[in-house]
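Okay, so here's the structure we're looking at.
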Amino acid sequence: MSHAKRLIIVEDDAQFASALQRSFERKAYEVRRTSGLAETLRLADEFHPGYAVVDLKLAGESGLACVEALHQRDPSTLVVVLTGFASIATAVEAIKLGACHYLAKPSNSDDIEAAFAKETGDTTTPISPRPTSIKTLEWERIHETLVDTDFNISETARRLGMHRRTLARKLEKRRLS
């Protein structure tokens, strides 16, 4: 059965998923969206996607379960994991479970489409240290804590041990996407 240009987006952020869907539809993909594992499995059986974009951190569950389930249903489905919480451990697990690529947010449809095209490894990839800046690490920790507290700024500030106004100023400088 041909499933070329059929894409499932598994994302619990409806606004981001909608923007991504529109972008892929402009590229002539037939797109369906889901926000969790059960819905993804049902849709995969009906829709037979050739491609999938899976958010790593879904509301109440891990996107890795979706990656594994999609790969088990059809190993030819190219799955890209998209996350705001990139780590080596989750990248390794995503690839082991069947993802063809792992991208950190922010990524757009061009980045994702390029990742689909690179379904095999590249032995010429340069190996170089890429240290993460303290500001980037701080921002990632703030964002992770915000998500864990359902974007409650007061609770996030308390958990991070900083004054609420300090956190608010940091958030104003670097808006969430």
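Every read-out reported here was derived from the displayed coordinates using simple, explicitly stated rules and does not represent laboratory data. Only a predicted model underlies this, so the values are computations on that prediction, with no experimental measurement involved. When we count neighbours, we look across all protein chains shown, and the Cβ atoms used for this are built from the backbone with ideal geometry, even at glycine.
Here is the list for region 21-73: trypsin sites (Lys or Arg not before Pro) lying in DSSP coil, each with at most 16 other C-beta atoms within 10 angstrom of its C-beta, are K27. Between the amide H of E30 and those of R6, L7, distances stay under 5 Å, these residues lying 5 or more places away or on another chain, with hydrogens modeled in the peptide plane. Once both labels are positioned 7 Å from their Cα atoms along Cα-to-Cβ, the gap between I95 and A114 label points is 1.8 nm.
Taking region 57-80 and a reference point 7 angstrom along Cα→Cβ of R159, the backbone N atoms nearer than 15 Å belong to 57-61.
Which of rounded, prolate or oblate describes region 61-121 when judged by the alpha-carbon gyration tensor and an a/c cut-off of 1.5? Provide the component values of the computation, followed by the final result.
Values: a/c = 1.64, a/b = 1.11, b/c = 1.47.
Since a/c reaches 1.5 but b/c is at least a/b, the shape of region 61-121 is classed as oblate.
Value of Rg to Rh for the chain, rounded to two decimals, is 1.00; Kirkwood radius and Rg both from alpha-carbon coordinates. On the basis of the beta-carbon distance and an R0 of 25 Å, K173 and E144 show a calculated FRET efficiency of 0.90.
Rounded to the nearest 0.05, the FRET efficiency derived from the C-beta distance between S87 and T166 at R0 = 30 Å is 0.70.
Annotation: amide H-H contacts under 5 Å for V10 (H modelled 1.01 Å from N, sequence separation of 5 or more, or interchain): T34, V53, V54, D55. Taking 12 Å as the straight-line reach from the Cα of K105, the aspartates and glutamates in range (excluding those fewer than 8 positions away in the same chain) are D55, E140. Rounded to the nearest 20 debye, the dipole magnitude of region 1-106 is 360 debye, with +1 charges on Lys and Arg beta carbons, -1 on Asp and Glu beta carbons, and the Cα centre as origin.
In a reduced charge model with +1 at each Lys and Arg Cβ and -1 at each Asp and Glu Cβ, the chain shows a dipole moment near 860 debye about its Cα centre. Calculate the FRET efficiency for A19 and S133 from the Cβ-Cβ distance with a Förster distance of 45 Å, rounded to the nearest 0.05. In this case the efficiency is close to 0.95. Rounded to whole numbers, the Karplus 3J(HN,Hα) couplings from phi for region 75-87 are x, 7, 5, 8, 10, 10, 8, 10, 8, x, 10, 5, 8 Hz, using 6.51 cos²θ - 1.76 cosθ + 1.60 with θ = phi - 60°, and x at Gly and Pro. When Rg and the Kirkwood radius Rh are both evaluated on Cα atoms of region 134-173, their ratio Rg/Rh stands at 0.92. Only lysines eight or more places from K170 in sequence, or on another chain, were considered; those with a Cα closer than 16 Å are K135. Pairs from the table (K5/K96; K27/K173; K57/K96) lying more than 28 angstrom apart at Cα are K27/K173.
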